[in-house]
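Nothing in this text is a laboratory measurement; each read-out follows from the coordinates by a stated rule. These numbers come from a predicted model, not from an experiment. For neighbour counting, all protein chains shown are included, and Cβ atoms are generated from backbone atoms with ideal geometry for every residue, glycine included.
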C-alpha cells in the first residue's frame, strides 16, 4: 500500500450537513480500497483566485493508505461532483 494525501475545496455555499456528507463520501470511497489515516478540516479560507465567481472555499486535507489504482478512481469521482471546486491527490511515499 502507498501513502497518499488528498486536498479538496468544497463550495462554500453548501450547508454544514452537505459539507459533512461530502467529507464522509470521500472517506467512503477511500475505505472501499484503502484506509483513511488522518482528516484535517481547515474550514473556510480565501481562495488565491476566484473559481466559478467564488472567492472562498471550505478546505479539507485527508491522508490515506491505498493501492495504486484508488487515486485514479477518487479523482474521477471528485471531478464528477459539483460540490468540489478543486482537488489534488499526492503520493507521499519517499523514494
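Nearest 10 degrees, 0 to 90: what angle lies between the long axis of helix 16-33 and the longest principal axis of the chain (Cα atoms)? Computed tilt is about 20 degrees. With a cut-off of 14 Å on the backbone N, the residues of segment 53-95 near the modelled label site 7 Å out from residue 33 along Cα-Cβ are 65-78. Among 90, 60, 36, a tally of other beta-carbon atoms within 10 Å of each Cβ gives an order, fewest to most, of 90, 36, 60. Computed over the chain, relative contact order equals 49 percent, with contacts defined as Cα pairs under 8 Å that lie 6+ residues apart. With the simple model of a label 7 Å out from the Cα in the direction of the Cβ, residue 13 to residue 82 spans 0.8 nm. Among 14-21, 81-88, 43-50, the peptide with the highest mean count of other Cβ atoms within 10 Å heads the list, and the full ranking is 81-88, 14-21, 43-50. What does the C-alpha gyration tensor say about the overall shape of segment 12-95? Classify as rounded when a/c is under 1.5, otherwise prolate if a/b is larger than b/c, or oblate. Here segment 12-95 falls in the prolate category.
Rounded to the nearest 500, the 222 nm mean residue ellipticity of the chain from helices alone is -10000 deg cm²/dmol, with -39,500 (n - 2.57) taken per DSSP H run of at least 4 residues.
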